[in-house]
Every structure is written in structure tokens, then in C-alpha cells.
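J.: So that we are looking at the same thing, I have put the structure below in C-alpha cells.
Any read-out appearing in this document is the output of simple, stated calculations on the displayed coordinates, not a laboratory observation. Since the structure is predicted, the reported quantities are computational estimates derived from the model, not experimental observations. Every residue, glycine as well, gets a Cβ built from its backbone with ideal geometry; the counts of neighbours run over all protein chains shown.
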């Protein structure tokens, strides 16, 4: 089953990758609005494509991470050159095996928040989803969405100081099993029937993160693999109800 120790460690790795590939939306609402308003118009189509690519920099072939990071930095709006440079430098450090604690530094989180706000405002999307991760479930995640470019703003709404994530999988074409049936399968068999489409992670109460993904039409499953209680031995959050299915049409 997917809640083996190996799976939980895999999920922890995905969560770390998410911290790298998504932009933590920190700061107050007034600052966020100002940043988005002043930069949205300058976000080009190439920049939007590069931002989506950055979101997959650590989820696919690691050898491609460098070129994806470079493309993101090269296409960033002029008004976000400094912020994009900070994000790119942090991603590069992580790609080279750097200390993940850099992802929690205020310089990075502020830069990543500015980038996220501007790109969500300035890029054409079919959906902008505002999702809360609660103990245990996803609030605000619809059962059906429009396929295409989707921005996901994820807020950790825990009441018990738990980290939360949203790992999104697309069911392979022809797969008819429900999410419960898939989760009951041996890990390798289950993963052969799904492909990861995106991941977003918020590690503390009130923390926010943003990612942008291109979703093809199909059936999707959202899961949180974080162990209950924060330890290695806890059952994953999806066993407590942090699981959802949605259709992209």
C-alpha cells in the first residue's frame, strides 16, 4: 500500500522539492496586492511558460533542472529581476545539493512570494484554486475544474501544528479504479497507474505556497502523504481523509 515507510520518505522528498519549486506566499495582504498590481502587466507568455517549467524542475529529470532555472531567470519581468535572481540562486544551490534551510530564509520567502503573486496575476490561467489543508482534508478543492494552466494557492489551516501538502496525480488513461482502490494496491502497481502532476507544501500553521501547473483533461487524485504527528511512524494524512478526486475537463 502507499502508506509504507518508503512511500512516506518519498513523500517527504516531494515535499522538500515542493518547498523548492513553489513560491511561499508570505507577508501581509497589502504588500502582496501592491506587488501583483505593479508587475502583472509585465509577465510575458515566455515567462509564464518558464514559471510552469520551474515548478517541475525537481520533479522530472534532474539533469534538466539547470536549464529550467536559467529559463525562469532569463524571462522574468524587469520589475522582478532581483526577486527572480534570488529564487534562481536558491534553486541552483538546491540542485547542487545545498542546505534546504535556505528555503526558509526571509530573503528567499519574500522573493518567492513576490514572484508567485505577480505570475498568478499576470499569467493566463484556466483556474486559480484557493485550497486550505485542514486536519484532515482539502477545503476549497472542487470536484471538477477546467483543464489547462492552473494556479494552486495552498494554505496550511492546521489546528494541530501539522505540516500539510497537496500532491496531485493524474490517473493514466484507461484507469477506472477509484482512489480507494488505487490506494489499496501495492505501491509499484498503484504508481504505475498514476503520474505526478504537481505538488505544493506548507510546513506550518498559516503558511501559504503557490504553484502553477498545466493539467491535461483527465481524472486526478490529490493526496497528503505527511505522517500524522510529524514523525516517521505515523499514518499518512490521506488515511485520515486528506484525499480528494477531481476531473479536469
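J.: Suppose the chain between residue 126 and residue 139 were pulled fully straight at 0.36 nm per residue; how much longer would it get relative to their current alpha carbon spacing?
T.: On the way: separation 13, 0.36 × 13 = 4.68 nm, distance 1.95 nm.
In short, 2.7 nm is gained.
J.: If you don't mind, another one. Would you please put 151-158, 80-87, 183-190 in order of how densely packed they are, using the mean number of other Cβ atoms within 10 angstrom per residue and starting with the highest?
T.: Numbers: 151-158: 22.6, 80-87: 19.6, 183-190: 13.6.
Ranked from most to least packed, the peptides come out as 151-158, 80-87, 183-190.
J.: Further question: Can you tell me the length gained on complete extension of the stretch residue 92 to residue 175, counting 0.36 nm per residue apart and subtracting the Cα distance?
T.: 26.2 nm
J.: Now, a different point. Any idea what the relative contact order of region 106-183 is, in percent, if you count C-alpha pairs under 8 Å spaced at least 6 apart? Let's see the in-between values first.
T.: Working: 71 pairs, mean separation 20.1, N = 78.
About 26 percent, as a whole number.
J.: For residue 70 and residue 184, what is the calculated FRET efficiency with R₀ set at 35 Å and r taken between the beta-carbons, to the nearest 0.05? Display every interim value, and only then the final one.
T.: Values: r = 43 Å, r/R0 = 1.21.
So, using R0 = 35 Å, E works out to roughly 0.25.
J.: While we're on this one: Determine, from the Cβ-Cβ distance of residue 146 and residue 107 and an R0 of 45 Å, the FRET efficiency 1/(1 + (r/R0)^6), rounded to the nearest 0.05.
T.: Working: r = 36 Å, r/R0 = 0.79.
Calculated value: 0.80.
J.: Hey, another quick one. Taking only C-alpha pairs under 8 Å that are 6+ residues apart, what is the relative contact order of region 110-249 in percent? Don't skip to the end; give the middle numbers.
T.: On the way: 301 pairs, mean separation 41.5, N = 140.
Normalised by residue count, the contact order of region 110-249 is 30 percent.
J.: Moving on. Distance in nm between label sites at residue 235 and residue 191, each 7 Å beyond Cα in the beta-carbon direction?
T.: Roughly 2.3 nm, to one decimal.
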